[in-house]
Structures are given as C-alpha cells and as structure tokens.
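Working notes, structure below.
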Amino acid sequence: MSTPRHHVVIGSGVAGNQAAETLRQRDPESRVTMITVSKLPFFNRYDLPRVFRGERDWRKFVIYPAEYYLDNRIALRRATKVVNVDGTRQTLTLEHNETVRFDTLLVASGASAYMPAELAEYQPLMHAFGAFRDAVAAADALPKDGHVILMGGDTIGLDLGRTLLDVGYRVTVVAEKHTFWPHEIAAEDRPRYIQALADMGFEVVDGHARGEIAAVRAGAPGLSPRRVVFHDGSEIHGDIVMPFFGVAPALDFMLGSGVDIERGLLVKPSLRTTNEAIYAAGDVCQIWSDADKRYHFYHGWKNVRAMGELAARNITGADEPWAPIQDESLPLATDGRIHSPFWEYA
C-alpha cells in the first residue's frame, strides 16, 4: 500500500482554507495539514469593524469552527510558527524545532501590515487592526465620540473608517502615497478621490503638504492622548492613531528555501514556484503575466479565494493558468462616493 501524499498549507486565511477544502475534495486519501500563527480558526477579517459597534464575542467572527477541520480530516495546527522551509529536502521547521515533511506545500501566509521604517519606533503609540484582539484593544481605547487618526488610509483602513463614522466617531485620514492602496490612482485623479473622502465625512489632512509624518507622540496631560507631528512642525491630535500603509507579504520563513523571491514569492501562471513541490496563493505571491511580461500582485478577496482553489487543483493534477476574476480598479460611484470592490465580502 502506498503512503498517502502529505499536502501542507501555511496560512489559515481565505486562500489557505479554500485550498485545504479543494485538496480534501480532489485527493480524499491524502493527509492535509494547515499551519497558522493565528490562535483563532478561520475568521472573517472583513467583519472586524463590527467590534466598534459593540460586538465582542469572537465566536461570531469565526467562519469555520474547529469541528469543521475534524470532520474534513484537515489537521489544523494553530498558534504555530514556521521558521524555515527547505525546498530540497521538502521539509519545514517549526519554531519549537519540530520538522514536518511535505509532498506538496502551499504558501498562503498572506501579508502583515506594512510600517514605513521611519515610523517603526513609534509603533507602541499606535493601535493595530490585524487581528480580533487588536480590534478590541483599539475599540476599548476610544472614548464615546472619540477621534481616530488613520495614517495612510489604505482600503482596509478606509473600510474601518466608514464604520467609525457611522457609529459617531470623528475620523481624520492623513493622506499620502499609500492612500487607497492597493488601488492605483493616477495623479491627476487623486484630488477627486480625496474630495470623495471629505464628502463621505472624513477629515482629510494632506501629508505631502505638511512634509510627511515625522513622529507620533503621547499627548500632554489634559490634552488628547496622541499627537501626529509633521516635518513642517504642525500637529494633529486624537484619541488613538492607527497605521494603514498597505501590507507586506509574510514570507520571512521562505528566505533560504531555494524559491525565487522579489517582493513576494514569484510564481508561474499555474501558481507553482521555481520548486515543483511548492506553490503560493494570495497576498504572498506575485504571478507572472505572459501578456505584460511582468509579475503582478492581486489582493481582492475574490481573487485570493480563486488562487487558493486554483493552486489546490494544480497540486492535484490539473494544469490551469491564473485568470483574475475581480476587477481591482476603484471607480467613483455615481453619487461621488468611494466603494472599493474589496469591501464586497460575501
């Protein structure tokens, strides 16, 4: 009797879970292991703004409970960090020094919030938004009718900002080159989009005009708890500061794996890397385009889910090329408001 193939998936987001489900359907006799640093089972990140509406039960954010993985024979290893991948030996090493062998590996580790190097030292004075506990901590720090400063204003931050405005908070966006990320807005169109933010109720501060952000400081006694200081010497004050400068692929553990890396893992249209046993899907990979003769990132959740399914199909014998299914442009709505397709989660 032959030994069942062992498919390992790193990451428990949209791409990873779709891949694990497809692997189980197409290769029912295989072993499927999912490894994630998250403590929660698969949860809907797009629902996190609900925390600011008072929802604090983490179970209401979970899409697949633990029983789902048991029923589908997917070994889910939570709170587990991969520190190294050896593409030649087809093994990966976990933080506690355990070695796991794989026949195929799908890297769907996603991305983490990007922080400009010049602002990294001020992170202790900022509130993150990448996990359920981060959202709860930020909401707990906000007084009633409080003031939130969103630095950068990528689509994740603007989506949160819509909820904050709706709930009654004051929201300031410090606009700069990362605003609207990952949408690419032509320079001549940016004023219309900035005006659209103002029309939606955001207070917009032009970071370029103020010489960019210089520092984040604690407020003086009796004043707002936080200050954002600009290079021209001006300041804005708020209750909490939240950074939204886009994301960076989470792939440090792939350094030395033998797989080609630029900003992300470089993959063929089949989503296979330069190692035949290793594939990648989601925010972590750059996909080659024969038409453009260059690599592309795709970030919309529909595209990410489709990548997870395609990678799993190709791992299990198919040979299909990637074709995006979600338009990642950012048109202005007829009422002049902005509504990113990335917010249309279902």
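Here, each number is a calculation from the coordinates, and none is a lab measurement. Just so you know, these numbers come straight off a predicted model, no measurement behind them. Here Cβ is always computed from backbone atoms with ideal geometry, including for glycine, and neighbour counts include all displayed protein chains.
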Result: in the chain the number of Lys pairs with C-alpha under 28 Å apart, spaced 8 or more or on different chains, is 13
Cα-based Rg and Dmax for segment 102-203, where Dmax is the largest Cα-Cα distance (Å): 15.9, 54
In whole angstrom, the spacing between the Cα centers of segment 70-93 and segment 302-332 equals 23
Explain nothing, just the number: dipole magnitude of segment 114-246 about its Cα centre with +1 on each Lys and Arg Cβ and -1 on each Asp and Glu Cβ, in debye rounded to the nearest 20. 300
Could you order the peptides 183-189, 235-241 from most to least packed, using the average number of other C-beta atoms within 10 Å per residue? 235-241, 183-189
Fewest-first sequence of Ile74, Ile278 by Cβ atoms within 10 Å of each Cβ: Ile74, Ile278
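Counting Lys and Arg as +1 and Asp and Glu as -1, each charge on the Cβ, what is the dipole of the chain about the Cα centre in debye, to the nearest 20? Intermediate results must be reported in sequence, preceding the final value.
Working: 37 positive and 45 negative charges, 188 e Å.
Its charge dipole is roughly 900 debye.
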Given the options His231, Gly168, Ala187, identify the residue whose Cα lies farthest towards the positive end of the charge dipole of segment 114-246 (+1 on Cβ of Lys, Arg; -1 on Cβ of Asp, Glu). Gly168
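At 15 Å minimum axial length over the Cα atoms and a Kyte-Doolittle cut of -0.5, report the qualifying DSSP H helices in the chain, or say none.
Numbers: long enough: 14-26 (18 Å, -0.82); 155-167 (18 Å, 0.78); 301-315 (21 Å, -0.33).
Correct list, ordered by number: 155-167, 301-315.
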Spin-label pair Lys39/Ala220, simplified geometry with 7 Å Cα→Cβ offset, distance in nm: 3.9
I'd like the antiparallel share, as a percent to the nearest 5, of DSSP beta bridges with both residues in the chain. 45
Answer label, with Cα Rg over 2.2 N^0.38 Å calculated from the coordinates and candidates [x] 1.00; [y] 1.05; [z] 0.90: [y]
The chain, helix-only ellipticity at 222 nm - DSSP H runs n ≥ 4, -39,500 (n - 2.57), divided by all residues, nearest 500: -6000 deg cm²/dmol
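Roughly how many debye, to the nearest 20, is the charge dipole of segment 5-157 about its Cα centre, given +1 on each Lys and Arg Cβ, -1 on each Asp and Glu Cβ, and no other charges? The partial results should precede the final answer.
Values: 19 positive and 18 negative charges, 90 e Å.
Approximately 440 debye in magnitude.
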